[in-house]
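Here is the structure we will look at, set down as structure tokens.
Values in this text are rule-based calculations from the coordinates and carry no lab data. Predicted, not measured: the structure shown is a model, and the values here were computed from it. Cβ sites come from the backbone with ideal geometry, for glycine too, and all protein chains shown count toward neighbours.
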Amino acid sequence: MSELCKLRGKSDSVAAAIVKCVNFSATKHRSQRRKDPEQTPYINHPIGVAYLLVEAGVEDVDTLQAALLHDTVEDTDTSHQELDDTFGPKVAGVVAEVTDDKSLHWRERKRLQIIHTPDVSHEAKLVKLADKLYNLRDLERCKPLGWTDTRVAEYFKWSAQVVAGCLGTNKYLEGELEKLFTLRNVELQPGRSEEIEEEKAKSSVREIL
Ligand SMILES: Nc1nc2c(ncn2[C@@H]2O[C@H](COP(=O)(O)OP(=O)(O)O)[C@@H](OP(=O)(O)OP(=O)(O)O)[C@H]2O)c(=O)[nH]1
Ligand SMILES: [Mn+2]
């Protein structure tokens, strides 16, 4: 076993860990397509998100694995336990942090992302930034089937609020996102902390009731 493997406490080499993860994600997403007119295979998205992290200088294998797996629990039959058993608690934990609760209404899920993002780990913020950058670039490339220009504009505005909760995490990703927001005249406002605290208080009251 190489020194790096021993250090990581796993039997996989880094290359094997990444390939295992790509294969797992491809198998889980195999029947899914993107919403673009070409119906691109869905797996292009998690691979692209992980590649954006590589471009951003991220070398941490757990973070790259979490990026490859980031939509498996939200969008496939994968459970948190399965990720924990296969890739360990760190990777499963980051995926959990970026997973929306699909049992909630779409609007509520979107609202909760804005509120919860400032509190997630550094690794989860990296995955979130890359996820948003990929999806926004995809929107610039072409409109998903059934989306209006207004819906695209709303997605940009909402994303800016989520990204605002990740600022100070990675210069490259934030710079690329800023370019896209500037082109659309969308303001990237950091630190709307009072509003977020107010929303969080309202959410916890709702959870109690
Ligand atoms: N831009 C774009 N997005 C597509 C396409 N096909 C699938 N998607 C996915 O659609 C989601 C955004 O659409 P929404 O209507 O806002 O969300 P929903 O699908 O989760 O309900 C993203 O999910 P996500 O990655 O989980 O991110 P999030 O935005 O839900 O946080 C994105 O990956 C496509 O062709 N273009
Ligand atoms: Mn995604």
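Any idea how far apart D119 and Y172 come out in nm if each label point goes 7 Å out from Cα toward Cβ?
Those two pseudo-labels are separated by 3.1 nm.
Hey, what D do you get for the stretch 31-103 in µm²/s if you plug the Kirkwood alpha-carbon radius into Stokes-Einstein at 25 °C and 0.890 mPa s?
The diffusion coefficient I find is 191 µm²/s.
Which one, N170, T78, V61, is farthest towards the positive end of the dipole of the chain when Lys and Arg carry +1 and Asp and Glu -1 on their Cβ?
Of the options given, the answer is T78.
Packing-wise, with mean Cβ within 10 Å as the measure, how do 124-136, 155-167 rank, highest first?
Numbers: 124-136: 24.1, 155-167: 19.9.
Top of the packing list down: 124-136, 155-167.
Suppose every Lys and Arg Cβ carries +1 and every Asp and Glu Cβ carries -1, with no other charges. What dipole size does the chain come out with about its Cα centre, to the nearest 20 debye?
Dipole about the Cα centre, nearest 20: 480 debye.
What pairs in K110/K179; K102/K132; K20/K157; K102/K125; K20/K90; K125/K179 have C-alpha atoms more than 26 Å from each other? Spell out each step's value before the answer.
Details: K110/K179 23 Å; K102/K132 18 Å; K20/K157 36 Å; K102/K125 20 Å; K20/K90 16 Å; K125/K179 19 Å.
Over 26 Å Cα-Cα: K20/K157.
Would you calculate a helix-derived [θ] at 222 nm for the chain, using -39,500 (n - 2.57) for each DSSP H run of n ≥ 4 and dividing by the full residue count, to the nearest 500?
Theoretical 222 nm ellipticity from helices: -20500 deg cm²/dmol.
For the chain, what percent of Cα pairs sit more than 24 Å apart? Before the final figure, lay out the partial values.
On the way: 9539 of 21736 pairs.
More than 24 Å apart: 44 percent of the Cα pairs in the chain.
Would you kindly state how much longer the chain becomes between W106 and C142 on full extension, computed as 0.36 nm times their sequence separation minus their alpha carbon distance, in nm to one decimal?
Result: 10.7 nm gained on full extension.
Please give the contour-minus-distance gain from R33 to V19: 0.36 nm per residue of separation, less the Cα-Cα distance, rounded to one decimal in nm.
Separation in residues times 0.36 nm, less the Cα-Cα distance, equals 2.9 nm.
Compute the angle between helix 171-183 and the longest alpha-carbon principal axis of the chain, please, reported from 0 to 90 degrees and rounded to the nearest 10.
The two axes meet at around 30 degrees.
On C-alpha positions alone, give me the angle between the axis of helix 122-141 and the longest principal axis of the chain, in degrees, nearest 10.
Helix 122-141 and the main axis of the chain meet at about 60 degrees.
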